[in-house]
Amino acid sequence: MSVFVSSEDLREQIRTGKKLTVLASLWDAREGNAWSKFQSEHIPTAQYCNPADHLVGTPGSQVGRNPLPSTEHLQQSFRSWGIEAGRPVVIYDTGSGEFAARAWWTLRWSGVQDVHILDGGFPAWERAGFDTVAGPGPVSVRTELEVAPGQLPTAEIDDVREFKGMLIDARDTPRFVGQRERLDLKSGHIPGARTVPVEDLFTEDGLIKPVEEILETMAKFGITHETDPAEAIVYSGSGNHSSKLLAAFAHAGLPVLTHFIGGWSQWSANPKNPVERGDRDHV
């Protein structure tokens, strides 16, 4: 399977009883709302994943809004979901895909290889008219798959300060140029970064664009199949939009570049870090 799988493909896998794990990566600012929404309606066989609880560590100005979780925390989540080697995982969310992508990246970083994202998420499933179910989800069999963190490249803030290669900002243009910022302490971007809004690689319906279009877009930035992941760092606000961008890269066969998870939320929290505003070369 490709990184992004269609609703039709997922439905067929579920219908034929293929052995796989479906995760609903749902987040809501109001406590308990995501769990309530899951219980009211979800894709058959799906299990609940709250990215804020299951996939990130404790936030703070020194680490950003959504830092990496501890190995022990991830291990507990993996076992509760029944994730095991050789068993595909398909992830979806109910929004525009950032939370599903963050789960995809975190699982891949943790050593799970066969991980996929439902193209267009739950909205695409609903548009297709496929069945949904209510309730708490299935009871999974606990597994003993060992989390192996570090399977995808990451950068710390000190690495970014010293970095001489390409910095890619996956946020939308207004946040990049500093026109607005509702989440973090300052507006703008890391000096020298280039803007690649992740939504440019998706359709208005939230579906991944054809591979050829993604390759053509990224070639304008010098990102090709031959790019060394260490030569470019991708970031966003706190690792969600950048995870979606990296998932799109992987879907197109491009390398999964180095990921600065702390992103703008960590960079902007330190008053000593320089800030740049304005558009650099949005292609």
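Could you work out how far helix 240-251 tilts from the main Cα principal axis of the chain, as a 0 to 90 degree angle to the nearest 10?
Result, in degrees: 70.
Taking a virtual spin label 7 Å from the Cα of ASP205 along the C-beta vector, which residues in the stretch 1-32 bring their backbone nitrogen under 13 Å of it?
In the stretch 1-32, the label zone of ASP205 (backbone N under 13 Å from the point 7 Å along Cα→Cβ) covers 6-8.
Restricting to the chain, compute how many DSSP beta bridges are antiparallel as a %, nearest 5.
Taking every DSSP beta bridge within the chain, about 15 percent pair in antiparallel fashion.
So for the stretch 1-133: antiparallel DSSP bridges make up what percent, rounded to the nearest 5? Intermediate results must be reported in sequence, preceding the final value.
Working: 2 of 15 bridges.
Taking every DSSP beta bridge within the stretch 1-133, about 15 percent pair in antiparallel fashion.
State which entries of LYS19/LYS220; LYS164/LYS186; LYS37/LYS272; LYS18/LYS220 exceed 31 angstrom in Cα-Cα distance in the structure shown.
LYS19/LYS220; LYS37/LYS272; LYS18/LYS220
Only counting other Cβ atoms within 10 Å, I'd like GLU144, GLU156 sorted with the fewest neighbours first.
Details: GLU144 8, GLU156 12.
With the sparsest Cβ surroundings first, the list reads GLU144, GLU156.
Highest first, please rank the peptides 26-38, 165-177, 100-112 by the mean number of other Cβ atoms sitting within 10 Å of their residues.
Per-residue mean Cβ counts within 10 Å order the peptides as 100-112, 165-177, 26-38.
Quick one: of the DSSP bridges fully inside the stretch 157-267, what percent are antiparallel, nearest 5?
Percent antiparallel among DSSP bridges in the stretch 157-267 is about 10.
How high is the relative contact order of the stretch 82-176, in percent, with contacts defined as C-alpha pairs under 8 Å that are six or more residues apart?
Relative contact order, the stretch 82-176: 32 percent.
Loop-only check: which trypsin sites (Lys or Arg not before Pro) in the stretch 190-283 are DSSP coil with at most 16 other Cβ within 10 angstrom?
Values: sites: ARG194, LYS220, LYS244, LYS272, ARG277, ARG280; in loops: LYS220, LYS272, ARG277, ARG280.
Those that pass, being in a loop and sparsely packed, are LYS220, LYS272, ARG277, ARG280.
Which value in Å does the Kirkwood hydrodynamic radius of the stretch 4-127 take, with 1/r averaged over all unlike C-alpha pairs and then inverted?
Evaluated over the stretch 4-127, this radius sits at 14.8 Å.
May I ask for the Rg/Rh ratio of the chain, computed from Cα atoms with Rh as the Kirkwood radius, given to two decimals?
Checking Rg against Rh, the ratio lands at 0.95.
Between the alpha-carbon centers of the stretch 1-32 and the stretch 227-267, tell me the distance in whole angstrom.
Using only Cα atoms to place each centre, the spacing works out to 23 Å.
For ASP28, list long-range residues whose amide hydrogen, built 1.01 Å from N in the peptide plane, is under 5 Å from its own amide hydrogen.
Under 5 Å from the amide H of ASP28: ALA34.
Could you state the orientation-averaged shadow area of the convex hull built on the Cα atoms of the stretch 201-259, in nm² to one decimal?
Average of the hull's projected areas for the stretch 201-259 equals 3.9 nm².
Quick one, what does Rg over Rh come out to for the stretch 157-267 if you take C-alpha atoms and the Kirkwood Rh?
Here the Rg-to-Rh quotient is 0.95.
At most 12 other Cβ atoms within 10 Å and a DSSP loop assignment: could you name the GluC sites (Glu not before Pro) in the stretch 218-283 that fit?
Listed in order of number, the matching sites are GLU226.
Among LYS164, LYS18, LYS186, rank each residue by its count of other Cβ atoms within 10 Å, from fewest to most, as a rough exposure measure.
LYS164, LYS18, LYS186
Mind jotting down the distance between the C-alpha centroids of the stretch 63-112 and the stretch 121-155, whole Å?
Here the answer is 8 Å between Cα centres.
Coordinate-derived values only; no laboratory data. This one's a predicted model, so the numbers in the text were calculated from it and none came from an experiment. Cβ atoms come from the backbone with ideal geometry, glycine included; neighbour counts cover every protein chain shown.
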